[in-house]
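Since the structure comes first, as structure tokens, the remarks are kept for the end.
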Amino acid sequence: MRTFIQVLILDFLLVLTHTTLAQKQPSLSVIDSKIKGINIYGKPVDNQTRCQHWHSALDIIAIKFNCCEKYYPCFSCHSETADHKPSVWPKEEFSEKAILCGVCGTELGIQEYFDSENTCPNCNSKFNPGCSNHYHLYFETEDQDIGDVESSKTRTNGEAAQKPMKEISCLLF
Ligand SMILES: [Zn+2]
Ligand SMILES: [Zn+2]
Ligand SMILES: [Zn+2]
């Protein structure tokens with residue numbers, strides 16, 4: 001009986017050790033990162049703007065957030081460490097330099113970055129093309145405009161739909 005309990009305890013300890021190791025392995029340690037004198041905020045793990053969330057070979061840009069004008073490797077870095085809600089860059093400000101190449105430290109304008117075909121114009125490093133899936137988190141996009149128009153349409157329709165209902169209920173009562 002004792003041995004059975006001992007085996008159980010041993011198993012439990014083994015599982016515990018495995019879980020702890022499994023949890024520790026994926027998250028790389030956060031470092032203080034500065035690229036050509038520019039501070040990288042959030043959770044950077046190297047000096048090329050990779051972070052705990054995105055650290056493939058291609059993840060080499062940081063984005064300056066419109067809300068605080070600080071460079072973060074990604075949106076999650078900002079949401080986990082900044083004390084405020086993020087805001088996106090409006091189209092009128094797409095000439096602002098808000099993209100940092102982690103390899104050479106060149107700052108690109110937002111429009112310049114869009115036109116770069118995911119290649120740094122200075123050092124030819126390749127950027128992650130997948131970042132375009134997240135543009136709406138950082139920059140004003142067409143989708144958002146359409147979304148706004150759509151939602152205001154729905155609102156108008158909603159009001160229009162409610163009015164006849166009221167009229168009907170007036171007739172009924
Ligand atoms: Zn911010
Ligand atoms: Zn991150
Ligand atoms: Zn570069």
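For segment 131-145, enumerate the residues that are part of a helix (DSSP H, G or I) and either touching a helix residue (DSSP H, G or I) at 6+ places or on another chain (Cβ under 8 Å) or free of Cβ contacts under 8 Å to residues at least 24 places away in the same chain (or both).
Correct list: Ser132, Asn133, His134, Tyr135, His136, Leu137, Tyr138, Glu142, Asp143, Gln144, Asp145.
Out of the residues in segment 28-51 meeting the condition of being β-branched (Val, Ile, Thr) and assigned to a loop (DSSP other than H, G, I, E, B), tell me which one is nearest to Ile99 (Cα to Cα). Even if it seems obvious, please write down each step before you answer.
Taking segment 28-51 first, the residues β-branched (Val, Ile, Thr) are 30-31, 35, 38, 40, 45, 49.
So of that shortlist, the ones also assigned to a loop (DSSP other than H, G, I, E, B) come out as 30-31, 45, 49.
Values: Val30: 21, Ile31: 20, Val45: 18, Thr49: 11 Å.
Checking each candidate, the answer is Thr49.
Within segment 33-42, restricting attention to residues that are of a type outside the set (A, V, I, L, M) and crowded, with 22+ Cβ neighbours inside 10 Å, which residue is farthest from the chain's Cα centre (by Cα)?
Only one residue tops the list, namely Ser33.
This table checks each residue for (1) within 16 Å of ligand 2 (Cβ to nearest atom); (2) under 19 Å from Asp32 (Cβ atoms).
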| position | (1), (2) |
| --- | --- |
| Ser56 | yes, no |
| Ser76 | yes, yes |
| Thr81 | yes, yes |
| His84 | no, no |
| Ser87 | no, no |
| Glu93 | no, no |
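Output yes when any residue across segment 109-120 is within 27 Å of Ser29 (Cβ to Cβ) and surrounded by 14 or more Cβ atoms within 10 Å (Cβ to Cβ), and no when none is.
For segment 109-120, residues within 27 Å of Ser29 (Cβ to Cβ) and surrounded by 14 or more Cβ atoms within 10 Å (Cβ to Cβ): present.
Could you grab the pairs with beta carbons closer than 7 Å, sequence gap of 6+ or different chains, first residue in segment 102-122 and more than 20 Å from Gly37 (Cα to Cα), second one within 16 Å of ligand 1 (Cβ to nearest atom) and not β-branched (Val, Ile, Thr)?
Ile110/Trp89; Ile110/Glu96; Ile110/Ala98; Ile110/Phe139
Could you look through segment 54-67, keep only residues that are surrounded by fewer than 22 Cβ atoms within 10 Å (Cβ to Cβ) and within 16 Å of ligand 1 (Cβ to nearest atom), and pick out the one that is farthest from Asn128 (Cα to Cα)?
Cys67
We did not get these values from a lab; they are worked out from the coordinates using the rules stated. Remember, predicted model here, so these are calculated numbers, not experimental data. Every residue, glycine as well, gets a Cβ built from its backbone with ideal geometry; the counts of neighbours run over all protein chains shown.
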